[in-house]
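Taking it in order: structure first as structure tokens, then the write-up.
Since every read-out is calculated from the coordinates, none of them should be taken as a lab result. Please read these numbers as outputs of a predicted model, since none were measured by experiment. Methodologically, a virtual Cβ is constructed for each residue, glycine included, from the backbone with ideal geometry; neighbour enumeration extends over all protein chains shown.
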Amino acid sequence: MAKRTKHWAMVIDQERCIGCWTCAVGCKVINNEPAGFWWNRILTAAPGEFGGRSDESADPASDNIDVPHGTFPQVEMAYLPVACQHCDDAPCVKVCPVDATFKRDDGTVMIDYERCIGCRYCIAACPYGVRVFNWGDADHQVDFTVGYGRDYRSDGRLVFTPDRPRGVVEKCTMCVERIDTGQQPFCVDVCPTGARIFGDLNDSSSEVSQLVKEDGATQLLPELGTDPNVYYLPVKSEGTV
Amino acid sequence: MATFESSAAATPGLPAGRRIGAGWFAALGILALWGLAAWIYQLTQGLIVTGMRDEVSWGLYITTFAFLVGLSAGGLIMASAAEVFGVKSVRPLARLGVLTAGACVLVAAMTIIPDLGKPQRVWELFRYPQWRSPMIWDIIIVVVYFVFAAVDLGLMTGRIGKVSRRRQALRVMAYIGLPAAVLLHSITAWIFGLQISRPFWNTALLAPLFVTSAILSGTALIALVALAARRFGKLQLPDETWSALSRLMAAAIAIELFLVGADYLTILWGNVPSERAALDMILPGGSWQWVFWLEWVVGGVIPFLLLVLPRWRGRFGAMAVASVLVLVGVYAFRIELVVGGLLKPLLSLAPGVSIGSASPNAFQLVGSYHPTWVEYAIVAGLLAFLGLLITLGYRWLGSLDREEARA
């Protein structure tokens, strides 16, 4: 019997997100990300604000994190965690000249560290700014490897290595090591408020399917038609900061 | 000051001329070697020694690549226009044009190599081509264009083909050359223009704009080479050839500024924040306004006036200055496009985009880019190598003519 393919997706509930960066730090640790690398960032937004469109809300008082939008007492704020959106129509996959960035059947987007030529076309093509490049040799704050600690291959292609080769692009893998063995991505497990929900969109009874179909989960920059597999539940309640 | 009218009798061709001083070759050679040394240094350290980071992830190398691709236009268009449109006045420039085109596109292809994080994997472009990527198509057209220029030059100098067939072959080549040139610049434009992630690039105007700026900078380069050959090599061209170069350049400046202006107006009128963000940095008052001034005034209005005002029109000195300014302006346009498009990310929210190095800050809200000495050295080295190729090629053409004259 053919194994039914998965279609992995993640829903991030902005009403629950408290901007604590635990997911970002957890991501950095488990993936042994070098100093200065962040596969996952928590942006300070206004409720319902996508892409920093100032026509949707008042501007923040400054360009720093954790600064509410608007003027006191009409202030509002929400957090927008952003990592690779694992788009179904991924611009990075379309522009990669050597098929180093590729899409798996389960919807995730991977980078083959052994194929990437380092042209950085994908960085220019990504609307979400989630890709980081190994400009020089990886610089770590500790002198030992943390996290997964070993190479991981998907269909024979090297999609993760703790020792980053210089001159290749990297980004969130949706914790391919974990989802391939039935676990959830690490950011989902470590989130203290349960703001991240992970599941299979091909399973209509899964929580993510329900949230996407019935609870109005939205995508980031949907007008671009990239059709991400990461969805957001915007802050709805008035006066929530 | 010498004017076109005072130039010597119209005898097209490339006569022997006096030797260009050894100083020229020495200077270019040293620059080229210095560039090579800088590249070797970059190979040992990685691209960390450049000023590029994750926000502005393309810099001088890609800018120079786009610029050199544009420079290669003039030559082939000149050679083809003589045949296709019967523009007789530019025929004397055909061989010089094709030589320049081939040299420029060769050095353009070389410019890609130092930009790669893994240059040792460049062969993968041919082993694992991904056909949806505009970059693959650009590499194909660059290779085709170079081979085409080489064959065309071979035909023109009688190195390949039978004498009886050569005339006809050249005609066919001219008809292929023109669309090939348009394709080369269009595909290079589409590398940028198709990207929805960069609103500043994402305009249908980009391909026509690249074709125009290619004709503009290509003509300026041909004019400069011809002027240098006139000065040092005693090249003599009929007045109408100089005048054709001058008029073509002036027209291309006007069309280029019209297209860029139309693009600016569309963005300003539409007032979409993500599109305004990039343009506001370039327009007067923005942090990158020097690009605007270089493009519109130094490389736009001033050379245009030098080429059309009766006071300067027809003077070799004015034409030389105008050509140099045009090249500066077109280079500024490439910087405006490549770097300007990358400065403002779509998700422009604090703390910004991770830039891939820990100091001074791991994040940037607005991109910044300051090329390092390594980038300047490598680019200068490549341009010096281009200068060497053109000078040597020109001498080779001259020596062919002398052989012919003896025979």
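Quick notes
- Shown here is the pair-distance distribution of the range A:8-233: with all Cα-Cα distances grouped in 5 Å bins from zero up to the longest one, the shares run 1, 7, 14, 18, 20, 17, 12, 7, 3, 1, 0, 0 percent.
- Helical runs assigned H by DSSP (4 residues or longer) give the protein assembly as shown a calculated mean residue ellipticity at 222 nm of -15500 deg cm²/dmol, each run adding -39500 (n - 2.57) before division by the residue total.
- Pairs from A:K6/B:K118; B:K118/B:K162; A:K94/A:K236; A:K171/A:K213 whose Cα-Cα separation, in the structure shown, is over 32 Å: A:K6/B:K118; B:K118/B:K162; A:K94/A:K236
- Under 27 Å from B:K234, Cα to Cα: lysines that are on another chain or at least 8 residues apart: B:K88
- Approximating the spin labels as points 7 Å out from Cα along Cα→Cβ, the B:M110-to-B:S368 distance works out to 3.4 nm.
- Between A:F144 and B:A262, the modelled label-to-label distance comes to 6.5 nm, taking each label 7 Å out from Cα in the direction of the beta carbon.
- When Rg and the Kirkwood Rh are both derived from Cα coordinates, the Rg/Rh ratio for the protein assembly as shown amounts to 1.03.
- With a Förster radius of 22 Å applied to the beta-carbon distance between B:R132 and A:E223, the computed FRET efficiency rounds to 0.55.
- The angle between the Cα long axis of helix B:163-193 and the longest principal axis of the Cα atoms of chain B comes to about 20 degrees, rounded to the nearest 10.
- Distance (nanometres) between label positions extended 7 Å along Cα→Cβ at B:K88 and A:C20: 8.5 nm
- The order of the peptides B:346-353, A:70-77, A:40-47, B:106-113 by mean Cβ neighbours within 10 Å, most packed first, is A:40-47, B:346-353, B:106-113, A:70-77.
- Degrees, to the nearest 10: B:206-232 long Cα axis against longest axis of chain B: 40 degrees
- Antiparallel DSSP beta bridges within the range A:8-233, percent to nearest 5: 85 percent
- Taking the C-alpha atoms only, the angle from helix B:373-406 to the longest principal axis of chain B is near 10 degrees.
- Gap separating the Cα centres of the range B:29-60 and the range B:235-267, nearest whole Å: 33 Å
- Of the peptides B:190-199, B:232-241, the ranking by mean beta-carbon count within 10 Å, highest at the top, reads B:190-199, B:232-241.
- Cut-off 10 Å between beta-carbons: net charge of the residues surrounding A:A124, Lys and Arg +1, Asp and Glu -1: +3
- Between the C-alpha center of the range A:165-188 and that of the range B:370-388 there is a gap of 39 Å.
- Per-residue mean of C-beta atoms belonging to partner chains within 10 Å, peptide B:271-278: 2
- On the basis of the beta-carbon distance and an R0 of 30 Å, B:V321 and B:Y376 show a calculated FRET efficiency of 0.80.
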